[in-house]
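Where a number appears in this text, it was derived from the coordinates with a stated rule and is not lab data. The structure presented is a predicted model; accordingly, all values stated were derived computationally and were not measured. Every residue, glycine among them, receives a Cβ derived from its backbone with ideal geometry; neighbour counts consider all protein chains shown.
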């Protein structure tokens, strides 16, 4: 994949990843056994995933927390007629990725659960390829055997797109973390899909460039997941959509080994100003706060702005301490951006612990969060489809940057007409004729 980087003088970045093209891939990463390093040409010296959302440790940490309900027990979903992994399959896969076929239940515990701890699969096998060729061989074999595959990057997504629903084989990009090349004149970066965003940022900053993408999960999210969901992030207003900075992709269809590369454009850093959006908890104080704080060109104070961004980046993690979090990622008209928060506070009353809205003023992206002690079907029924109907009434989108994954696949119709959904199905069938790649995700269950 190739992202285009932005230099301290203006430049373009290019992510060229060698990875599988995935539907419903996730954006962020949980480290399983400590931080992960990303080597590259000349090495990414001392670059580690250290962002606020990195959860170090693997199954030992998650085993101390309350067990997450299996996805099929919480949601109405049925297993499709895929094959079950056999001993012969394990032997064949071991031949493709020697020493990187994981079947230990303890090691599989973390990748089977999303970082929000809201969905849990029951995969018995995880594969760790290092190259595009290995991914191609894996997918060709799984296509022939009709084995469902769940591609997984950082596994810190918000919509259950990166965790298995049933027993799909998990194909992790964690070891596909190499920078393949960087051009210090054009700002074109070619890297694999498993590179952590923060490590890439440090890599290019050492060379006088800056990544045009910045996220709260930068210390753990994979660039492949960022591109898969067209992540917006904190630099959207200045550098534009991530899609516009990707120059090419190297993709692998499920049935035929293939080649190709993503590209992205790098941007020079802003020395004196920063774009921010901070929605106050009090609707009455919104206008005043917007004038004082949410202005889209707040002067940067070198000592204070890192602390400011640290607070912003930790909102998601802080909310998780409330208990269960119902998350919505919506695109709305700017003049109605915060109205839904007030409406929901009145609608939910004491049944919700907290109703919080924050996001990106630059592109009308509202992150709506409702917290409760535990998951409640009745509270969910009060929230949905009300939130999606409200959004559709404003001609908004049910997914701004988190993707659709498993949780939002059946609400896509609130934002897209039937003709668009049919076209998406046709494209999916063209690239994945047996539907083995990340099943139960992205597209609605019914036409």
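The packing ranking, built from the mean of other Cβ atoms within 10 Å per residue, places the peptides 208-217, 181-190 in the order 208-217, 181-190, highest first. Whole angstrom only: what separates the Cα centroid of region 337-372 from the Cα centroid of region 85-108? One Cα centre to the other: 44 Å.
Which order do peptides 125-132, 194-201 fall in by mean Cβ count within 10 Å, highest first? Could the numbers behind the result be given before it?
Working: 125-132: 20.6, 194-201: 28.1.
In descending order of packing, they fall as 194-201, 125-132.
Calculated translational diffusion coefficient of region 356-447 (4 °C, 1.567 mPa s; Stokes-Einstein with Kirkwood radius over alpha-carbon pairs) equals 87 µm²/s.
Sorting 390, 309 on the 10 Å Cβ count, fewest up front, what's the list?
Placing the least packed residue first, the sequence is 309, 390.
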